[in-house]
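Accompanying notes for the structure given below.
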Amino acid sequence: KKTHTNFSSINTHQGYLTFSQASIHFNNCVLLDQKPKMSFLFGGDKIKGTLVLMQKNVLDINSLTDPAKLIDGALDGFGSILDTLTSFLGASVCLQLISSTKPLLSGEGKVGKEAYLKEAINNLPTLGDKQTAFSIEFEYDSNFGIPGAFKIKNYMSTEFFLVSLTLDDIPNLGTIHFVCNSWVYNAKKYQTDRIFFANNTFVTSETPSPLVYYRQLELKTLRGNGTGERQEWDRIYDYDVYNDLGEPDKGQSYARPILGRSSDHPYPRRGRTGRKPTATDPNSESRGNSVYIPRDEAFGHLKSSDFLVYGLKSVSQDVIPLLQSAFDINFTPTEFDSFDDVFDLYEGGIKLPTDIISQISPLPVLSEIFRTDGEQFLKFPTPKVIQVSKSAWMTDEEFGREIVAGVNPGLIRALQDFPPKSKLDSAIYGDHTSTITKEQIELNLEGFSTLDEAIQNKKLFL
């Protein structure tokens, strides 16, 4: 006998009748033992989730720039085969939900039971940005509360990029989405569990109390403790002075001063790496083969492929002019003879029959390399300054913009003496005094009658 009922939706699943967002009041109720037996489980006993991840890419920038990691990458291939076999046994990736509403006696949120991905992961390195969705189920009861975070452990030897986790049919709530976008390495690489939080934002005072402990633990992990040498899988954002610019162990001429740390000049700062000090100077840090960058800040596979493709182009642009110079009848084979030679770098290139190549060898690497330019293989990307007009770089407006936004604006300076003279030793480099005359410049002066007047008002730049 129901006195009041308000249902938003009713679903049946595996013999259970569940009510989503239901407000029900019973009075003088009697449950009859009928068959099939019907159970009222508000919230159910399972929460279904979808985990989206992306596997490691063979064009990973860390491997491309460090020869030692190329060897490690080859060894990872053997480990990936074992990882694939391990995932078939259902023990590759483990997740545990953390409650945002039900704390333990110590104050931190309750941690749910371990749950593993259902499908097997083919953990061989791939090309491209293929994302794969995996199903997962968590055991759940009403005493757990609402999930607000989760732990994840990767038991495979190879890392993967965790994109997101979505939980469906949360009682009285609906869907909870976790935006992760982070690399997850083997669990043994970390001193603390990897924790991700739901896609909600809180000011400090309004953060759910069961999550405060885990938030502070995550911040402590990101800050580090100022000790140890940074590794590829670290996520620590720690800073140090520039004390690795020189190599004093090679001799005094290779020593360099430390930048920063003084009261007058406390900056600049660099990412702390924690490498061993040099034998000659304990205050100077030894140099390594790579620069430490927190893993999630390193180039993704798209940027890595650009890095590879443009590197190949740069090499080709050195080779092709050398071949052309062998047949150059001019006296300046290493110089541009006209602006057309410059524009050919961006408008030329070699057309490749990519449609035919893809039919002969449909390897993903071809699509990855050729995707940047289409058919123009050896063509440089057109600079922004000449995309609209080829002569835009010659205008005063563009010249002024380059003063402020140029890659090296310090090269542009006010003209103080005329004619301009080079400060290089003329006995070694020859006489580079400018042959431009005052008459040639005064024809183009606007608002000034003489060259000296323009120089005094700092209107001429070199």
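The values are calculated or read from the model by the stated rules, or taken from the named source; none is laboratory data. Treat the numbers as computed from the prediction; the structure is a model and nothing was measured. Glycine gets a Cβ as well: all are built from the backbone with ideal geometry, and neighbour counts include every protein chain shown. The area values use the complete protein model at the heavy-atom level, side chains included, leaving out ligands, DNA and RNA. Shrake-Rupley method; radii C 1.70, N 1.55, O 1.52, S 1.80 Å.
The table for this structure:
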{"item": "Single residue of region 232-263 satisfying the filter (assigned to a helix (DSSP H, G or I) and touching an Asp or Glu at 6+ places or on another chain (Cβ under 7 Å)) that is farthest from D281 (Cα to Cα)", "result": "Y254"}
{"item": "Scan of region 140-167 for residues that are of a type in the set (D, E, K, R) and modelled with pLDDT of 90 or more, ordered by number", "result": "K151, K153"}
{"item": "Checking S449 against (1) in contact with a Pro (Cβ under 6 Å, 6 or more places away or on another chain); (2) in a loop (DSSP other than H, G, I, E, B), the condition it does not meet", "result": "(1)"}
{"item": "Region 243-291, subset among the small types (G, A, S) and surrounded by fewer than 14 Cβ atoms within 10 Å (Cβ to Cβ), residue nearest to R230 (Cα to Cα)", "result": "S290"}
{"item": "Residues (under 22 Å from the mean Cα position of the chain (by Cα) and open to solvent by 80 Å² or more (accessible area, probe 1.4 Å)) located in region 215-227", "result": "L219, K220, R223"}
{"item": "Residue in region 81-91 that is in a strand (DSSP E or B) and either at pLDDT below 85 or in contact with a strand residue (DSSP E or B) (Cβ under 9 Å, 6 or more places away or on another chain) (or both) present", "result": "no"}
{"item": "Considering residues of region 264-290 that are part of a loop (DSSP other than H, G, I, E, B), within 25 Å of L222 (Cβ to Cβ) and modelled with pLDDT of 90 or more only, the residue farthest from the chain's Cα centre (by Cα)", "result": "K276"}
{"item": "Members of region 385-413 that are under 17 Å from N444 (Cβ atoms) and open to solvent by less than 40 Å² (accessible area, probe 1.4 Å)", "result": "E398, G400"}
{"item": "Some residue of region 425-441 being touching a strand residue (DSSP E or B) at 6+ places or on another chain (Cβ under 6 Å) and either at pLDDT below 75 or not in a helix (DSSP H, G or I) (or both)", "result": "no"}
{"item": "Evaluation of N123 against (1) outside any strand (DSSP E or B); (2) modelled with pLDDT of 90 or more; (3) within 20 Å of A91 (Cα to Cα) (one fails), failing number", "result": "(2)"}
{"item": "Pairs with Cβ under 6 Å, 6+ apart, first in region 154-183 and without any contact (Cβ under 8 Å) to a residue 24 or more places away in the chain, second not in a strand (DSSP E or B)", "result": "H177/N199; V179/N199"}
{"item": "Number of the exception - Q191 against (1) touching a strand residue (DSSP E or B) at 6+ places or on another chain (Cβ under 9 Å); (2) at negative phi; (3) open to solvent by 50 Å² or more (accessible area, probe 1.4 Å)", "result": "(1)"}
{"item": "Residue selected from region 143-157 under the condition among the polar types (S, T, N, Q) and surrounded by fewer than 21 Cβ atoms within 10 Å (Cβ to Cβ), by the criterion nearest to S100 (Cα to Cα)", "result": "N143"}
{"item": "Flag for S305 being within 30 Å of W183 (Cβ to Cβ), at pLDDT below 90 and among the small types (G, A, S)", "result": "yes"}
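Conditions tested, residue by residue: (1) part of a helix (DSSP H, G or I); (2) open to solvent by 10 Å² or more (accessible area, probe 1.4 Å); (3) aromatic (F, W, Y).
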| position | (1), (2), (3) |
| --- | --- |
| A133 | no, yes, no |
| D141 | no, yes, no |
| S164 | no, yes, no |
| D169 | no, yes, no |
| N172 | no, yes, no |
| S182 | no, no, no |
| F196 | no, yes, yes |
| Y213 | yes, yes, yes |
| E229 | no, yes, no |
